[in-house]
Amino acid sequence: MTAEVLRIGEVARRTGLSVHALRLYERAGLLAGEVRRDESGRRVYTPWDVEWLGNCVKFGASGMPLATISRLAELVREGSGNEAERLEMLREHQRHVIAQLAQLHDCLDLINGKVAAYERHLAADGTGEPWQQQPGPGTAHTAG
């Protein structure tokens, strides 16, 4: 039984990457496996390649630099024995993502407060200033 073989167009469809981006990923060393070719010289991929490319897309979306993804792919290509280095790279990026999430939560808190202020303003028929909280003990005025 032979492994499933996928052509570049199918891989593009499954990953959401363009054919051009897939070729770019290959040239940048982002693939964890060797790119194989069929008898006609066309690129062929495996489901594992698709899974790895999906990881790369998520790594990139989370802010991991291409150089880091490339280094991680290189370590995977080298095989076992370098798992500690891979783990440290992932832990470092994990810390980065956690910090990003904290910053985004802070931004979301601000936005939620602004949405609530404008909803209150509109519910009160647009009277008063929308960016000012209703007077009360301990309330402060906040800019729009």
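The values are calculated or read from the model by the stated rules, or taken from the named source; none is laboratory data. All values derive from a computational prediction rather than experimental measurement. Every residue, glycine among them, receives a Cβ derived from its backbone with ideal geometry; neighbour counts consider all protein chains shown.
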Do we find that Gln94 is in a helix (DSSP H, G or I) and touching a residue at least 24 places away in the same chain (Cβ under 8 Å) in this structure?
-> no
Residue tally, condition on the phi > 0 side of the Ramachandran plot and of a type in the set (A, V, I, L, M), over the stretch 34-46 = 0
How many residues does the stretch 23-47 contain that are buried (at least 17 other Cβ atoms within 10 Å of the Cβ) and at pLDDT below 90?
-> 0
With respect to Val57, is the statement that it is in contact with a Lys or Arg (Cβ under 7 Å, 6 or more places away or on another chain) and either among the aliphatic types (A, V, I, L, M) or more than 21 Å from Leu17 (Cβ to Cβ) (or both) true?
-> no
Leading residue by the ranking (surrounded by the fewest Cβ atoms within 10 Å (Cβ to Cβ)) among those in the stretch 10-22 that are in contact with a helix residue (DSSP H, G or I) (Cβ under 8 Å, 6 or more places away or on another chain) and closer than 17 Å to Trp48 by Cα = Gly16
Please identify the pairs in which a residue from the stretch 18-33 that is on the phi > 0 side of the Ramachandran plot has its Cβ atom under 7 Å from the Cβ atom of a residue that is outside any loop (DSSP other than H, G, I, E, B) and not hydroxyl-bearing (Ser, Thr, Tyr), counting only partners at least 6 apart or on another chain.
-> Gly29/Ala73; Gly29/Glu74
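Name every residue in the stretch 87-121 that is under 12 Å from Gly63 (Cβ atoms) and not β-branched (Val, Ile, Thr), in order of residue number. Break it down into steps so the answer makes sense when it comes.
Restricting attention to the stretch 87-121, the residues satisfying the condition of being under 12 Å from Gly63 (Cβ atoms) are 92-101, 103-104.
Within the stretch 87-121, Glu92, His93, Gln94, Arg95, His96, Ala99, Gln100, Leu101, Gln103, Leu104 qualify.
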